[in-house]
1. Can you sort B:E70, A:E51, A:E216 from fewest to most other Cβ atoms within 10 Å of each residue's own Cβ?
2. Quick one: which of A:K40/A:K173; A:K115/B:K195; B:K10/B:K195 span more than 31 angstrom between C-alpha atoms?
3. Count neighbours as other Cβ atoms within 10 Å of each site's Cβ, and list the trypsin sites (Lys or Arg not before Pro) in the stretch A:20-95 that are DSSP loop with at most 13 such neighbours.
4. Say the dipole of chain B comes from +1 at the beta carbon of Lys and Arg and -1 at that of Asp and Glu; which of B:L101, B:L223, B:S122 then lies farthest toward its positive end?
5. Reachable lysines from B:K116, Cα under 18 Å, same-chain residues fewer than 8 places away excluded?
6. Taking each residue of A:70-78 in turn, how many C-beta atoms of other protein chains fall within 10 Å of its C-beta, and what is the average?
7. Nearest 500 deg cm²/dmol is fine: what mean residue ellipticity at 222 nm does chain B get from its DSSP H runs of n ≥ 4 alone, each adding -39,500 (n - 2.57), divided by its residue count?
8. Using a simple spin-label model with points 7 Å from Cα along the Cα→Cβ vector, what separation in nm is obtained for B:L246 and B:R74?
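No value in this document is a laboratory result; all are computed from the given coordinates. Remember, predicted model here, so these are calculated numbers, not experimental data. Heads up, the Cβs are rebuilt from the backbone with ideal geometry, glycines too, and the neighbour counts pull from every protein chain shown.
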Amino acid sequence: MIQIYRLSKSFGTNIALDDIGLRIRKGEFIFITGPSGAGKTTLLRHIFGTEKPTSGQILIDGINLTRIRRHNLDLLRRKIGFIFQDFKLLNNKTVYQNVALALEVTGERQAIIRKKVHQALRSVDLSNKEKAFPLEVSGGEQQRIAIARAIINDPMILIADEPTGNLDPDITKDIMVLFRSINLRGTTVIIATHSKELLRDTGHRVIVLNQGRIVEEIEG
Amino acid sequence: MLRIWLYFFKSAFINIMNNRLIHLISMGTITISMLLLGSFMLLSVNLNNWIKEWGESISMSVYLKDGIDEKEKREIEKQLLNINGAKIKGFISKEQAMIQLKESLGGQAGLLNGLKENPLPSSFELVFEDMDNFRVDLNNIKRSLEKMEGVDEVQYSEQWVERFKGVIFVFRVAGLIIGGLLCVAVLFIITNTIKLAIYSRKDEIEIYKLVGATDWFVKIPFLIEGAVQGIISGLFAFLILFSAYLIFSTKTVQIFGLPVIDIVFLSNKNAISIILLSLVLGLMGGLIALGRFFKT
């Protein structure tokens with residue numbers, strides 16, 4: 001599903017990623033971990049196509065991201081759900097509108113959008129909050145809105161950057177259960193975290209990054 | 001297809017309503033600019049009419065030699081009719097010329113009684129069309145007419161013609177400069193309003209792009225905003241101009257003792273062109289602002 005060959009990224013003299021090689025199988029659940037500044041977010045941004053590598057190749061489902069045209073990258077992003085550390089919700093839009101956004105950009109019919117948004121909100125247990133605005137709900141609920149938006153297109157890949165960074169342990173557990181259920185439907189899930197708690201007894205592959213390099217790979 | 005366009009229009013409408021103060025200020029400014037442009041067009045149309053009339057009042061006298069027969073006179077007339085842009089206003093015989101002279105002398109006409117024979121030549125009076133387009137070279141015509149058999153002398157008011165050409169030249173250059181500057185000003189205003197709208201929604205655009213929106217999906221509502229601003233401002237400018245015309249058209253205007261101007265309103269073509277120009281400037285402003293944003 002995802003193949004990364006000799007990926008390097010520098011910002012000026014600062015090396016963010018250094019000769020990364022990684023293969024992620026279809027339907028896999030994988031963690032990327034490492035201390036702050038290890039390059040986790042940069043790696044995820046490369047997989048999502050929001051960052052261009054200095055050298056190396058990234059293939060998603062056979063498509064080379066280093067050569068992809070801008071329009072095709074937009075279309076590819078519809079198949080990849082990304083959950084950002086800061087959620088990236090629109091505070092002037094309701095929960096419903098935030099989730100519907102991912103379908104509206106595809107030109108989907110309103111009736112189908114309505115049905116899918118209700119389904120997605122139900123799956124993250126937010127059916128009763130669809131008319132609320134993001135700032136009116138808790139941090140955990142905001143995270144679930146972001147998850148609902150990321151899964152509404154039935155993505156082939158779901159990427160989450162520190163999805164539980166700001167959440168308390170109980171909500172963290174719920175969110176992880178949600179990711180597992182999404183993974184069980186066949187979606188490849190990639191989670192970047194520096195939380196040791198989250199990685200304990202995961203049963204999934206863990207990639208450890210440090211100073212932009214893969215320093216350890218723990219099989220699940 | 002229709003569904004997506006409905007979405008774009010709805011989105012543009014919501015954005016306009018959310019930023020209505022900025023849009024109102026911008027539309028007000030564009031309306032004033034388009035009004036200035038429209039007023040200038042109106043002035044141009046009326047001055048053009050006036051210039052045309054003025055141009056037609058410039059005449060050329062072709063004096064004939066004494067003693068030419070009817071056949072020669074007809075030959076000259078035929079050749080005059082062949083001159084491009086020229087019209088024969090009339091023929092003044094020797095006798096008519098004398099009557100006109102006596103009339104102009106009034107009480108002193110008795111001075112002419114001592115003359116044994118009529119010294120005045122007969123003449124053709126020529127007027128010219130399209131004087132405002134400089135298509136008629138009066139000096140050239142004068143020279144060629146003077147070479148004609150039976151023509152004694154050709155006269156026209158060179159000073160008048162030079163003044164006429166000067167007025168037209170200044171007027172057209174001023175028109176191009178003022179019109180051009182106003183268009184640039186409108187473009188600048190629209191570009192900056194759309195730029196403000198884009199920057200106020202920078203985060204939203206980023207999120208749209210992250211969930212897979214194409215560039216055009218993001219751009220089209222902004223372009224609609226620009227077009228709406230343009231067309232509404234154009235319509236307002238037109239309505240104000242038309243109201244002003246209705247108020248002032250009942251009055252006659254006279255400048256420097258020259259012929260009286262009957263004020264006419266813009267033709268349908270001109271009126272539509274103001275609104276269309278406003279629309280095009282709105283779209284162009286949107287495109288420039290978006291181009292800059294997406295480049296960065």
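1. Values: B:E70 7, A:E51 19, A:E216 11.
Ascending Cβ contact count within 10 Å gives the list B:E70, A:E216, A:E51.
2. Working: A:K40/A:K173 22 Å; A:K115/B:K195 36 Å; B:K10/B:K195 20 Å.
Check vs 31 Å cut-off fails for A:K115/B:K195.
3. Working: sites: A:R23, A:R25, A:K26, A:K40, A:R45, A:R67, A:R69, A:R70, A:R77, A:R78, A:K79, A:K88, A:K93; in loops: A:R25, A:K26, A:R67, A:R69, A:R78, A:K79, A:K88, A:K93.
Those satisfying the criteria are A:R25, A:K26, A:R67, A:R69.
4. Value computed over the given set: B:L223.
5. B:K94, B:K102
6. Numbers: counts 4, 3, 1, 3, 11, 2, 1, 6, 4.
Whole-number average of other-chain Cβ neighbours for A:70-78 is 4.
7. After summing the helix terms and dividing by the residues of chain B, the value is -23500 deg cm²/dmol.
8. Modelled inter-label distance: 5.8 nm.
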